[in-house]
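Below is one structure, written out as structure tokens; comments come after it.
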Amino acid sequence: MINRNSYGLVDQFIYKTLKYILVSFPVLLIVHFIGYYLINRYLPVTEVGFKNHFYKDIILFVSLIICFVIYIVYMIDLVKKQRDYITYLIDEVHVINNGDYRNPILLQGNNELSHLASHVELLRNQMLKNHEIQKKTNERQTRVLSSISHDLRTPLTTLTGYLEILNDEDFDDEDLKKQYMKYTLDRAYQLQDLTDIAFEYFYIKDNENQGIKLLRCNSYMNLIDILKHCSRYIEQNGFKLDMDLPIHKVALFYDVRMVERLFDNIFTNINRYGDPDEIVRIYSKINKGQIIIKMENAIRTMRKSGESTGIGLKNCRAIMKNHKGSFYYYIEDYIYVN
């Protein structure tokens, strides 16, 4: 795009002038010799000496005038082309300023203007790239917000219904009150989870654009300690764990807070959708220099529809992407594996 060997407009002007002189000088000599030959033949010096010299001077003068006029026209054309190119660049900058980045900049010549045009083209490409990224980001955020608003509507409607019943003065069944209070609290916790997930989603996306600083941790055991700490959440809710986590002596780089959020999301999903009567299996291994942590849990056969937004899993995938890793999950025979 950028030619660092470009020469300037003044150098170009001098070059064109020298080129014109080198081309026009032989032509001038040919015309001059032909004219002199014809004058000497038809108006010899011995017969009409005065006229001979007069016509020779006229031929020389006219030849010089013609060469000069041609040179002026040639230079005017050169300046006009540069002026038109400057006008073109100004128009293209106005087009870019108005938000249209589709038209590529025409690179013309090999001087300061073409150098400027190449930088404008680089700027246009970068702005077009940023525009496409922003467009995709806005579309993705619109889809996420639509999904969140849809998923918030169900617990809010249910929560409102229970609160209206509890607010009814004629409702005096204490057992049902306790039951409805429990349902109300569950829905409030669900709303809290949804808002936390939504906040986390946009926080992670911001860090994807800005980049995160991965800190070196002492060993693989630090990672396992985080995993075990986060797994206590489901143990407290009646799940049984089968862990096979052999010791690996490797140094790792990761953001502790993000890794904690990764495991929190996974165990929250297990607690929400997993079957507490089945054992949750967690094991790790090293394969081709990569640490693989795998979790398996059975899925509850009876669960309410429309509970999941899917944002938590997207967050897990985004966290692993920030750490140059991968996050996969699949369901096989009512066994959820990630």
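The values are calculated or read from the model by the stated rules, or taken from the named source; none is laboratory data. Keep in mind the model is a prediction, meaning the values are calculated, not measured. Because the Cβ atoms are built from the backbone with ideal geometry, glycine has one as well, and the counts that use them run over all protein chains shown. Accessible surface areas use protein heavy atoms only, side chains included; no ligands, DNA or RNA. Shrake-Rupley method; radii C 1.70, N 1.55, O 1.52, S 1.80 Å.
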Checklist line | strands (runs of 3 or more DSSP E) lying entirely in segment 213-302 (those with 3 or more residues that are of a type outside the set (F, W, Y), touching a residue at least 40 places away in the same chain (Cβ under 8 Å) and open to solvent by 10 Å² or more (accessible area, probe 1.4 Å)) | finding: 241-244, 290-298
Checklist line | For R153: the one exception among (1) loosely packed, with under 14 Cβ neighbours inside 10 Å; (2) modelled with pLDDT of 80 or more | finding: (2)
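Please state which one of I133, I90 is among the β-branched types (V, I, T), at pLDDT 85 or above, open to solvent by 80 Å² or more (accessible area, probe 1.4 Å) and within 30 Å of L194 (Cα to Cα).
I133
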Note to self: Condition first: within 59 Å of the chain's Cα centre (by Cα), without any contact (Cβ under 8 Å) to a residue 60 or more places away in the chain and open to solvent by less than 70 Å² (accessible area, probe 1.4 Å). Can you find one or more residues in segment 68-78 that meet it?
What the structure shows: yes
Check: Does segment 134-147 contain at least one residue that is part of a helix (DSSP H, G or I) and either in contact with a strand residue (DSSP E or B) (Cβ under 8 Å, 6 or more places away or on another chain) or closer than 25 Å to D11 by Cβ (or both)?
Finding: no
Check: How do the pairs read when you match residues in segment 171-183 that are over 18 Å from L159 (Cα atoms) and open to solvent by 60 Å² or more (accessible area, probe 1.4 Å) with residues anywhere that are of a type outside the set (S, T, N, Q) and assigned to a helix (DSSP H, G or I), using Cβ under 6 Å and keeping only pairs 6 or more apart or on different chains?
Finding: none
Next item on the list: For segment 88-119, name all the residues that are of a type outside the set (S, T, N, Q), within 24 Å of the chain's Cα centre (by Cα) and not in a helix (DSSP H, G or I).
Entry: G99, D100, Y101, R102, P104, I105
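Looking at segment 1-60, which of the residues that are of a type in the set (D, E, K, R), closer than 30 Å to L116 by Cβ and surrounded by 11 or more Cβ atoms within 10 Å (Cβ to Cβ) is modelled with the lowest pLDDT?
That would be D11.
Can you find a residue in segment 111-121 that is open to solvent by 70 Å² or more (accessible area, probe 1.4 Å) and modelled with pLDDT under 80?
The answer is yes; a qualifying residue exists.
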